[in-house]
Amino acid sequence: MAVGQKWTDAGQAYAIDLLDLNTRAGVAGTYYGAWGSGATTPAVGDTALVSENAEARTSIPAGSMSQPAADTVRWVYTIVATGTRTVQETGVFSAAAAGICHVRIVHGSLALESGDQVTYTVNLRLKDTSEA
Amino acid sequence: MSQDTVFGTAETETYIELRKADGRVLYFRVTPDGVMHSITAEDYEKGTA
């Protein structure tokens, strides 16, 4: 397994559409959190999880988003296992199915049983090359 | 004149709270390189505040 975290090309394109007055109005305003068992190294070209688990994606309302710093956006979501699961990837999407994959994160493997729940707090920070 | 600006980079950091069905609670921090570290409840609270 190769871990990592990526802000995807699609997520970057989404941000540009938000900055552009010509496209801003057409940008989808919903977010969903998903998890899966895929362990493939994340890449900026990712458009989905490698192996999304069976649980429905969790809606992330505005109240579950914040900016812990001015250059950072945060998504918080909880997913409950409905069966025995291996979880080692998660992502934030623009829709309950398919949609834009904004970020994909591959982490250490979690062996879950039915009823176990994971709350993810995902921070995406944008910085310039002069910042640590 | 056209001037391209290099935006820089993005960094993702993730915190995980795992609530087991038997009542145990485990906390992890996934650093930007993707490595998952076990952390204390106090560090989790600080990181997600």
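In region B:12-24, which residues are over 18 Å from residue A:82 (Cα atoms) and either more than 11 Å from the chain's Cα centre (by Cα) or of a type in the set (Ser, Thr, Tyr) (or both)?
The answer is B:12, B:14, B:15.
Does any residue of region A:73-88 turn out to be under 28 Å from residue B:38 (Cβ atoms) and of a type in the set (D, E, K, R)? Lay out the reasoning, then the answer.
Narrowing region A:73-88 to residues under 28 Å from residue B:38 (Cβ atoms): A:73-88.
Now drop any that are not of a type in the set (D, E, K, R), which leaves A:74, A:85.
Looking for residues that are under 28 Å from residue B:38 (Cβ atoms) and of a type in the set (D, E, K, R), one finds at least one in region A:73-88, hence yes.
Conditions (1) in contact with a strand residue (DSSP E or B) (Cβ under 7 Å, 6 or more places away or on another chain); (2) without any contact (Cβ under 8 Å) to a residue 60 or more places away in the chain; (3) among the aliphatic types (A, V, I, L, M), marked per residue:
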{"site": "A:27", "(1), (2), (3)": "no, yes, yes"}
{"site": "A:39", "(1), (2), (3)": "yes, no, yes"}
{"site": "A:73", "(1), (2), (3)": "yes, yes, yes"}
{"site": "A:80", "(1), (2), (3)": "yes, yes, yes"}
{"site": "A:88", "(1), (2), (3)": "yes, no, no"}
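Among the residues of region A:50-74, count how many are assigned to a strand (DSSP E or B), among the β-branched types (Val, Ile, Thr) and over 22 Å from residue A:3 (Cα atoms). Before the answer, list the steps.
The initial filter retains those residues of region A:50-74 that are assigned to a strand (DSSP E or B), namely A:52, A:58-59, A:65-69, A:72-74.
Among the residues that remain, those that are also among the β-branched types (Val, Ile, Thr) are: A:58, A:72-73.
Then keep just the ones that are over 22 Å from residue A:3 (Cα atoms); that gives A:58.
Number of matching residues: 1.
Could you grab me the full set of residues in region A:89-120 that are among the polar types (S, T, N, Q) and either crowded, with 22+ Cβ neighbours inside 10 Å or under 21 Å from residue B:44 (Cα atoms) (or both)?
A:90, A:109, A:117, A:119
Just give me the residues in region A:9-31 being at the interface with chain B (Cβ under 10 Å from one of its Cβ atoms) and touching a Cys at 6+ places or on another chain (Cβ under 9 Å), in sequence order. Can you show your working first?
We begin by selecting, within region A:9-31, every residue at the interface with chain B (Cβ under 10 Å from one of its Cβ atoms); these are A:11-12, A:15-16.
Correct list: A:11 only.
Looking at region A:28-38 only, could you name the residues that are closer than 14 Å to residue A:88 by Cβ and surrounded by fewer than 20 Cβ atoms within 10 Å (Cβ to Cβ)? Show your work before the answer.
Taking region A:28-38 first, the residues closer than 14 Å to residue A:88 by Cβ are A:34-38.
Hit for region A:28-38 is A:37, nothing else.
Going by the structure shown, is residue A:110 modelled with pLDDT under 95, within 14 Å of chain B (Cβ to nearest Cβ) and at negative phi?
On the way: modelled with pLDDT under 95: no; within 14 Å of chain B (Cβ to nearest Cβ): yes; at negative phi: yes.
Here the answer is no, as residue A:110 does not meet what is asked.
Here's the yes/no breakdown for (1) free of Cβ contacts under 8 Å to residues at least 24 places away in the same chain; (2) under 24 Å from residue B:19 (Cα atoms):
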{"site": "A:20", "(1), (2)": "yes, no"}
{"site": "A:24", "(1), (2)": "yes, no"}
{"site": "A:30", "(1), (2)": "no, no"}
{"site": "A:42", "(1), (2)": "no, no"}
{"site": "A:52", "(1), (2)": "yes, yes"}
{"site": "A:60", "(1), (2)": "no, yes"}
{"site": "A:94", "(1), (2)": "no, no"}
{"site": "A:99", "(1), (2)": "no, no"}
{"site": "A:123", "(1), (2)": "no, yes"}
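Among the residues of region A:55-74, is there at least one that is of a type in the set (Lys, Arg) and surrounded by fewer than 18 Cβ atoms within 10 Å (Cβ to Cβ)?
Within region A:55-74, not a single residue is of a type in the set (Lys, Arg) and surrounded by fewer than 18 Cβ atoms within 10 Å (Cβ to Cβ).
Among the listed residues A:41, A:47, A:129, A:86, identify the single one that is more than 10 Å from chain B (Cβ to nearest Cβ), part of a loop (DSSP other than H, G, I, E, B) and either of a type outside the set (Phe, Trp, Tyr) or surrounded by 12 or more Cβ atoms within 10 Å (Cβ to Cβ) (or both). Lay out the reasoning, then the answer.
Details: A:41 fails: more than 10 Å from chain B (Cβ to nearest Cβ); A:129 fails: more than 10 Å from chain B (Cβ to nearest Cβ); A:86 fails: part of a loop (DSSP other than H, G, I, E, B).
Within the list A:41, A:47, A:129, A:86, the selection yields A:47.
The values are calculated or read from the model by the stated rules, or taken from the named source; none is laboratory data. All figures in this text were calculated on a predicted structure; none of them were measured in a lab. Because the Cβ atoms are built from the backbone with ideal geometry, glycine has one as well, and the counts that use them run over all protein chains shown.
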